[in-house]
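Below is one structure; the comments refer to it alone.
Since every read-out is calculated from the coordinates, none of them should be taken as a lab result. No experiment lies behind these values; they were computed from the predicted model shown. Don't worry about glycine lacking a Cβ; one is built from the backbone with ideal geometry, like all the others, and counts go over all protein chains shown.
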Amino acid sequence: MSTLPEIWVIGDKGTGKSTLIQSISPYDESLLMKQQWLISNKYYSANVSLLEKNIASVTSVPPTCEALVLVFNIQSESSYNLISHLIQSRDDSEHEPEIRLLVATHVDLALEVETCEEGINFPINPEYRCRPWLLNAIQVGIENGFEFVETAPGVPKVDKILDLDGEEQGMRRVIMALQSHMWPNSQPPIKEEVGNATGNEGRMGE
């Protein structure tokens with residue numbers, strides 16, 4: 001059986017890697033750190049593997065990794081510093097996945113919002129974006145070919161309204177970026193799944 005192309009989700013403990021993966025594909029506890037995702041939209045279908053990796057265990061990224069998702073807690077500078085070190089310590093000889101995302105989680109906490117049955121209690125406070133280290137994160141991402149995305153995967157009501165300078169953020173943006181890749185095992189779209197293009201609305205791979 002051929003190896004499926006992989007999405008590596010890397011970050012420190014407590015950054016929300018598991019929650020992020022659950023937002024992409026329904027979580028199966030029996031699969032532990034490896035989850036299968038059937039991408040199915042109007043353009044193609046493809047089975048890929050989602051792998052959760054603790055940053056302390058990562059020394060290199062293999063050629064089977066088609067997408068790299070680096071995760072840090074937007075409330076934790078130390079979790080970003082680990083990611084920054086990983087990005088800047090990579091050399092030109094290493095495999096470079098085509099899709100590279102730098103994902104900030106727990107944005108709901110940074111915005112200091114409260115959710116209720118009716119939705120979200122405003123106002124939303126965007127002042128956290130002035131933190132020097134967060135501005136550095138955005139710049140490091142740009143310089144190294146990573147798209148920066150803000151998310152709140154644990155709080156869907158907040159996640160779905162996030163934007164940055166008018167650009168859509170949240171898990172929908174993460175999923176759209178992953179689906180923009182032409183996966184090497186892509187197949188014609190599954191007719192009954194056409195139009196189903198957002199994360200765990202899709203089917204799990206068999």
What does the extension gain come out to for residue 88 and residue 144, with contour length at 0.36 nm per residue minus their alpha carbon separation?
19.3 nm
Once you have a ≥ b ≥ c as the square roots of the Cα gyration tensor eigenvalues for the stretch 6-201, tell me rounded if a/c is under 1.5, and otherwise prolate or oblate according to whether a/b is larger than b/c.
oblate
Answer in debye to the nearest 20: the dipole magnitude of the stretch 6-201 about its Cα centre, from +1 Lys/Arg and -1 Asp/Glu charges placed on Cβ, is 280
Backbone N within the stretch 76-93 under 12 Å of label point (7 Å from residue 57 Cα along the Cβ vector)
none
Would you calculate the separation in nanometres between label points at residue 34 and residue 133, each defined as 7 Å from the Cα along the Cα-to-beta-carbon direction?
3.4
Label-point gap, in nm, between residue 81 and residue 96 - each point 7 angstrom along Cα→Cβ
2.8
